[in-house]
1. Take Gln108, project a point 7 Å from its Cα along the Cβ direction, then tell me which residues of region 37-67 have their backbone nitrogen under 16 Å from it.
2. Around Pro17, with a cut-off of 13 angstrom between Cβ atoms, what is the net charge of the other residues, counting Lys and Arg +1 and Asp and Glu -1?
3. Mind pulling up the Rg/Rh value for region 121-191? Radius of gyration and Kirkwood radius, both on Cα.
4. How much area per residue is accessible in the chain when the probe is 1.4 Å and only protein heavy atoms are counted (Å²)?
5. Defining a contact as two alpha carbons under 8 Å apart and six or more residues distant in sequence, what relative contact order in percent does the chain show?
6. Go ahead and estimate [θ] at 222 nm for the chain from helices alone: -39,500 (n - 2.57) per DSSP H run with n ≥ 4, summed, over the residue count, rounded to 500.
7. With +1 assigned to the C-beta of every Lys and Arg and -1 to the C-beta of every Asp and Glu, and no other charges, what is the dipole magnitude of region 110-198 about the Cα centre in debye, to the nearest 20?
8. What's the whole-number percent of alpha carbon pairs in region 157-221 lying beyond 17 angstrom?
Amino acid sequence: MDEHFSYVETKKADADPAIMHDIIMQGHHKGAIVYVVRDAFSGTAAAKVVENFDRLLSTTGGGNRSGDGYVNTNQIGATQFSRSGEEYVREVIKTSSMSLDLFEDVAQSDIEAMFNTVLLEKTFAKKGVVFRSSRFKNMPAGFITLRRWLDNGQMSLLPHDDTAQLDAARRDDYEIANVRHVVSYNAVLESSDAGGSLKVWNINPDDACRARLGLVGTGYPYPLEELEGVETLTVQLNQGDAYFLNSSFIHGVSSVRAGRRLSAGRFIGNIADDVVAYWT
C-alpha cells in the first residue's frame, strides 16, 4: 500500500502544469497519482479522430495489433509492450503513415489541446529539463497510439502495471529502461455509454510481487482475486477528458456495457535528471 493514493481533477481553464510536472517527476502531486483535465479538447475534434480511426480499421482489418496473446483491442500505432528498443522503433516506422492519417483534417491547435506537447515542453524548460520523444539509436518513439479496448473477459483491460514492460527495453539499452516510474497519458476520444471507467488499485508492485504471480517482464494480468480488499480509485471519463496516471500502480478499465471507448495514449517518464521522454 502507498500513502500517496488519491486523484485530482480540474476543468481545462484551470489546468495546472505544476500537477502534471509533479506526477511525472515525483509520481504524485500532494498524494494524487491521477490528474484529470475535464473537457480538455473539443468533441468535434475528437469525433473527427474517431471517424479517421474507424476508416483505418476498415482498411486494415482491425488495426495493427491482433492476436498477440495478451489483449483484445483495435489499435492504430506502435506499442513497446514486450519489445526491445529496435523491435519497437521498427514498429513505429511501420505504423507511422497510419498514425499520421489519424489526424487528417484535425487542426494543430486541437492536437495540442489533446496531448499538451508544447505545454509540457515549456513547463519542463522552465525547470531546465528537456521534454522530448524517447530515442533508440537516434530513431524517435511514436507520438501517440489509439486503442479501443474490447472484451477481455472480466474487464475491458485487465489489471496491470506499466513498469514491468521496461524489462524488454533493457535488452538493447533503450533509454526508457532508466525510467523510475511510468506515467500514462490518455486523451478520451470516445466514451462508453455504460462502464469503461478507469480503476486503480493501491499497489505499486515490485519484481518480487511480479515473480510470485509469474508476471515479471509483462506486469499483465494481475488476478482479480489477488486484489480483493485492496483500496481502489474509480474514475469515470468522458469524451474530451485527458488524464495523467502514475501507471506503475496496478490499473485497468472496467467492462464496457454499452457503446464504445477509444483513447489516445502515450507513456512519459524521466530518463535522466534533465530529460523527460515519451513513448507508446
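1. none
2. Once all neighbours under 13 Å are counted, the net charge is 0.
3. 1.02
4. That works out to 42 Å² for each residue.
5. 28 percent
6. -8000 deg cm²/dmol
7. Charge dipole of region 110-198: 480 debye, to the nearest 20.
8. Counting pairs separated by more than 17 Å, the tail of P(r) holds 51 percent.
The values are calculated or read from the model by the stated rules, or taken from the named source; none is laboratory data. Keep in mind that what you see is a predicted model, and the values were worked out from it rather than measured. Cβ coordinates were reconstructed from backbone atoms using ideal geometry, including for glycine residues, and neighbour counts include every protein chain displayed. Protein only, heavy atoms only, side chains kept; ligands, DNA and RNA dropped before computing areas. Shrake-Rupley method; radii C 1.70, N 1.55, O 1.52, S 1.80 Å.
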